[in-house]
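Structure record follows, encoded as structure tokens.
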Amino acid sequence: MEAGTQDIVTDGKGSGSGSAVWKDITEECRAAASSLGTGEMICAPSFSLFESMSALELMDPKMDESLLEPVECVSSRLARGELPIQVSLTQAARIVGGMLAYEVAWYEGASLLDSLFLCLYPHGAAIHALCSMVGVKRGEQKEEDGEEEGKKGSGGNGGNGAGGGPIMRDAISEDPACMPALVLLALVFGTLKSVGAFREVILDADIYEEEDAHPNSLGLYLGENLLLEDAVFLLEKSRASLASLLEGGREGGREGGEGEAEAIQSLLAHLSFRLALLKMQALLLSFSPALGEMEGATLHKALAEALAALERVKEEEEKEEEEEGKEEEKERGKLGSVAFAFDRGITRALKGNAPRRVIRIPSQSQALERFRQLLLELQESLQAFAFDVNHEVFSLQRLRMVLEELAASSPGIIARSFLHRHLVVRREGGREGGREGLNLTGFPPCPPMDQ
């Protein structure tokens, strides 16, 4: 269709109107298209293919996010009780397992809006509610350490007007009824810190493409002003509380709810894994091959511990699947449905009119296997920094062989970024310098021809 160019037009019956007159130009378009050569497009002063395609996106549910029904925000769900804060241990275990799958989706290239934050509990409002329930508050930050970053809003204050300092550990509730919320909060914080650490590795290397990773935080809270020590403390406290509950139940003959013992075992495995992962990531971020053999050995050991902890999570997941398989006649929601914890439309308002992408969230078993692969790739990448028996680095020929083997296995963006971060440095002019990078990371200088 083509709009007329006259200011005052008629409707074909002689009456004037203030709107444009429309004329069917289908046949003209077909005739013009038949005469076009390769790469040519139909265009007229009042018509272009680009503008027409853009117009077609409007009001199209497949392309226009704003056309879809508005989504209820997390705060509103909390106020109505649709998103519970006081959950059972069984529900907490299921939420944590699902949250890990959404986390892995981010490691595989989805944006935070299409992965981790489709789970509702990492959102600020839910974190504040969890903090309020279990008594997690922030202390006042010392004046000499008062930085703007520590003063900005976060999920660690619990909405109680606390300062931007460390968590007030004595204020945390010891009420057994709050234990599931504390465990859930600790694992939410741990997950955010883990994502933030891997994001730092990706951004520092700056070699990612759109299909590799979406490291933009989009203003979402990733635990930036939560001290790592506080995140570790919450995880350790939760683990100790669950272990005491499990041991006390065994000794006193306590019978928890249906599936509670299995849920506790699963949560203990997740807590141990997250602690091992955060420890490994701290070493990963501070790693420097120039510090020698012990540096690599320490990181390698931490990676092995994280892999072992992940294997325990996998074992607990398999036990639960076997148990459910034996009781197929039971309804799926009998052990505690957690559909309320996830909503694939919750981030729609933040995405605006951006076209939707097809995002595939892995199953829990798939997520665990892919997480394992991620850690194995990091472990294999450490071979590039191997030292021989004389505590000297291998030759560059050895390094080249290692890198070729790694490239053949197509490692993910995190392992590639880790290698790039330490094997390549940027000169002042912005160009990459291989030789300078190798020297700075502990490799001996060598003649240009040897490189």
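The values are calculated or read from the model by the stated rules, or taken from the named source; none is laboratory data. From a predicted model like this one, the values you see are computed outputs, not experimental measurements. All Cβ positions, even for glycine, are placed from backbone atoms using ideal geometry, and neighbour counts span all protein chains on display. For the accessible areas, the whole protein counts, side chains as well, though only heavy atoms, and no ligand, DNA or RNA atoms are used. Shrake-Rupley method; radii C 1.70, N 1.55, O 1.52, S 1.80 Å.
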Exercise for the section: Output the peptides 126-136, 310-320 sorted from most to least packed, where packing is the average of other Cβ atoms within 10 Å over each peptide's residues. Expected result: 126-136, 310-320
Problem - Listed peptides 177-190, 209-222, 29-42 by packing density, highest first (mean Cβ within 10 Å) - result: 177-190, 209-222, 29-42
Practice task
Any chance you could look up the accessible area of D24 with a 1.4 Å probe, heavy atoms only, rounded to 10 Å²?
Solution key: 100
Practice task
Evaluate the distance, in nm, between pseudo-label points positioned 7 Å from the Cα of R344 and of E293 along their respective Cα→Cβ axes.
Solution key: 5.2
Exercise for the section: For the range 67-141 and the range 166-181, compute the distance between their C-alpha centroids and round to whole Å. Expected result: 18
Fill in the blank from the handout: Once Lys and Arg are counted +1 and Asp and Glu -1 for all other residues with Cβ under 12 Å from that of V74, the total becomes -1
Fill in the blank from the handout: Between Q373 and R80, the two model label points (7 Å from Cα along the beta-carbon direction) sit apart by a distance in nm of 3.9
Practice task
Rank by packing, highest mean first: peptides 415-422, 397-404, with packing defined as the count of other Cβ atoms within 10 Å averaged across residues.
Solution key: 415-422, 397-404
Problem - Neighbourhood charge, 11 Å Cβ-Cβ cut-off, centred on H123 and excluding it, Lys, Arg +1 and Asp, Glu -1 - result: 0
Completion exercise
Around L277 (Cβ within 10 Å, Cβ-to-Cβ, excluding L277; K/R +1, D/E -1) the net charge comes to +2
